[in-house]
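Read-outs throughout are calculated quantities, based only on the coordinates presented, and are distinct from any laboratory measurement. All figures in this text were calculated on a predicted structure; none of them were measured in a lab. A quick note on method: Cβ atoms are made from the backbone with ideal geometry, for glycine too, and the neighbour counts reach across all protein chains shown.
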Amino acid sequence: MSKIKPAPLPPDTVIGGYRVVRRVSSGGFGVVYLCVDPDGQQVAVKEYLPSSLATRTPGELLPKVPPEKLSLYRLGLKSFFEEGRALAQISHASVVSVLNFFRENETVYMVMNYLEGATLQDFIITARDLKQQKVFRESTIRSLFDEVLRGMRIVHQHKMLHLDIKPANIFITDDNKAVMIDFGAAREVLSKEGNFIRPMYTPGFAAPEMYRRDSAMGPWTDIYAIGACIYACMQGFPPNEAPQRQDKDRLSLALAKLRGVYSDNLIEVVEWCMALDPLSRPQSVFALQKELSREGERRYTKLTVTEKMRLQLDTLVAETRKSVTRPGDAPAAGAKAK
């Protein structure tokens, strides 16, 4: 039986001087509201409210946290508060602007600019449904991720990591600006400290080291996710998740099908970013920016007839193996994205 999510704050509730208009979205770690500030300006307010640790009945303001989960709840709350404080120090067009953060109702609220537009995930789904050869043009991909990387470089310079980069967390505003939203520091702290049954990362976009409690994470962890996002912009779907790749890596096979559609350089960039070994990836955003900006070296090597036939055969074999299960095997449950 699925657990009931904590109820959002009702419209017209006032928190820290901001009046709630409506709930915009909710996930496993919080609720985002459209609010109005004292001057009548629209803002987005994110409330720390992890559904695995807290409950709240409709009409109530205070979350209810069982005593055995209180220390973990407070650990995540501290991380969420510190993330808000750190983000408030960053001023960049490609990083969500934190205008204020405050404690109230035994939780923490983060006040951000309210953005008009849609997520990159929305654009990928729309483009994919058009069934064109290219989900996005290469020039669009390079331009988009140049913006994202400029913002990420500033974030890393502030000794922060995003830790949850995925198309759903890259927002494209109505004036065509790319903005990174929904940082995952609190999520990451809780995943390392708690004993959570459900994964707290997004399969396909999370680097291999995020699946292990004792692994060092750094800029290379976010860079893996950037590579996975570029892959999704090329293919229309996320790549296989890291544990599956470690068992049987089909990334090169999938990217080989895009030869001649996208440049050799862009394909190589994705493979570089998504290396399973963290040391084999770009170690800094600057190194990746430099490679992604190599405009003059684009080659489009088309597959030969023999290579196409070999790819088709490899794909057929892979799909046949995937569809055949041994007697008594139960179908594997798919991991859910946050």
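A few points about this structure:
- Sequence-distant residues sharing a close amide H with residue 24 (under 5 Å, placed H): 32, 33, 34
- From phi via Karplus (6.51, -1.76, 1.60), per-residue ³J(HN,Hα) for region 44-51 in Hz, x at Gly/Pro: 9, 10, 9, 9, 6, 7, x, 5
- Between amide H atoms placed 1.01 Å from N, distances below 5 Å from residue 164 occur with 184, all of them 5 or more places distant or on a separate chain.
- Computed from phi, the 3J(HN,Hα) profile of region 63-79 under the Karplus parametrisation 6.51, -1.76, 1.60 (θ = phi - 60°) reads x, 9, 10, x, x, 6, 10, 5, 5, 5, 4, 5, 5, x, 4, 4, 5 Hz, with x in place of Gly and Pro.
- Phi to ³J(HN,Hα) by Karplus 6.51 cos²θ - 1.76 cosθ + 1.60 over region 244-249, Hz, x for Gly, Pro: 5, 5, 5, 6, 8, 8
- Applying both filters, DSSP loop and at most 15 other Cβ atoms within 10 Å, to the GluC sites (Glu not before Pro) of region 49-158 gives 60, 106, 116.
- Cα-Cα separations in region 198-284 greater than 20 Å, expressed as whole percent: 28 percent
- The listed peptides 229-235, 248-254, ordered by packing as a protection proxy, come out as 229-235, 248-254 (highest mean of other Cβ atoms within 10 Å first).
- The Rg/Rh ratio of region 20-113, with both radii computed over alpha carbons and Rh defined as the Kirkwood radius, is 0.97.
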